[in-house]
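A short write-up of the structure that comes next.
The values are calculated or read from the model by the stated rules, or taken from the named source; none is laboratory data. Please read all numbers here as calculations on a predicted model, not as lab measurements. Methodologically, a virtual Cβ is constructed for each residue, glycine included, from the backbone with ideal geometry; neighbour enumeration extends over all protein chains shown. The accessibility values were calculated without ligands, DNA or RNA, using every heavy atom of the protein model including side chains. Shrake-Rupley method; radii C 1.70, N 1.55, O 1.52, S 1.80 Å.
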Amino acid sequence: MKKRRRKKFKTFFVLFLLFCALALFQTYFQQSPPHNTKTDPFADVKKYSSLIHSELEKYQLESYTSVLVALMQQESHGKGGDPMQASESAGLAPNTITDPKQSIQVGVKHFQRVLTYGNQKKVDFPTIIQAYNMGKGYVDYIAQHGGKHSEELAKEFSLLRVKEKPNLYTCGGNKNNFRYPYCYGDFTYSTKVTKNMQLLVDSVPVTKNEKTTGESF
């Protein structure tokens with residue numbers, strides 16, 4: 001009888017240890033995030049996709065929604081009250097706009113102006129993207145220099161503007177700034193936005209059920 005009791009006790013003890021081990025194992029994996037989980041770097045800007053699309057529809061330009069999303073990613077990553085960084089294009093001081101809806105309205109209008117002007121001047125699309133950053137004057141400059149954007153031409157244009165207002169365009173006096181001495185705009189802007197457009201295609205899509213920021217205004 002004693003041997004049977006000991007055997008039953010050992011069996012019970014082993015089962016108890018297995019149960020505890022399984023419980024700990026399950027708890028560990030419930031608390032530990034999966035290692036293969038990927039965050040979407042465009043998550044914040046995609047929240048504005050619906051609003052951007054609606055604003056572009058006013059100009060029959062809704063096919064450029066992904067372009068504007070990529071622009072916003074470069075400008076702000078979807079952060080702040082002026083996610084399109086459109087204050088200056090409206091003739092205001094930087095970050096004067098504090099309402100994202102107004103920022104998108106002004107940003108889309110600015111894009112529509114440089115797109116229309118760029119098409120009239122027969123420049124390539126990278127020039128139009130760069131002109132969102134450097135203004136319509138860049139379109140004129142490229143039209144006079146072959147019609148195709150390059151970072152070298154963007155540097156030349158920037159330097160012309162710096163020479164016109166050397167006390168304004170100083171890169172904050174930081175000679176280690178990658179733009180220095182080309183402190184008017186960002187001569188790499190078109191390259192960066194184009195890369196954003198490519199990455200956007202591969203990023204996690206916004207589902208139809210996901211509420212957009214635009215719907216909250």
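Values computed for the structure shown
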item	result
Integer Hz, Karplus 6.51/-1.76/1.60 couplings in order for region 46-52, x for Gly and Pro	5, 5, 9, 4, 4, 5, 4
FRET efficiency estimate (nearest 0.05) - Cβ-Cβ, K109 to T194, R0 25 angstrom	0.65
Whole-Å distance, taken between Cα centres, linking region 148-205 and region 76-145	13
Full-stretch length increase - L92, K136 - with 0.36 nm per residue and alpha-carbon distance subtracted	14.2 nm
Accessible surface of region 63-141, 1.4 Å probe, proportion on carbon and sulfur as whole %	47
Residues listed by number, region 40-75, amide nitrogen under 15 Å from N119 label point at 7 Å toward C-beta	56-65
Under Karplus coefficients 6.51, -1.76 and 1.60, residue-wise ³J(HN,Hα) of region 59-64 in Hz, glycine/proline x	10, 6, 10, 4, 5, 9
Calculated P(r) tail over 20 Å for region 69-129, as whole % of Cα pairs	27
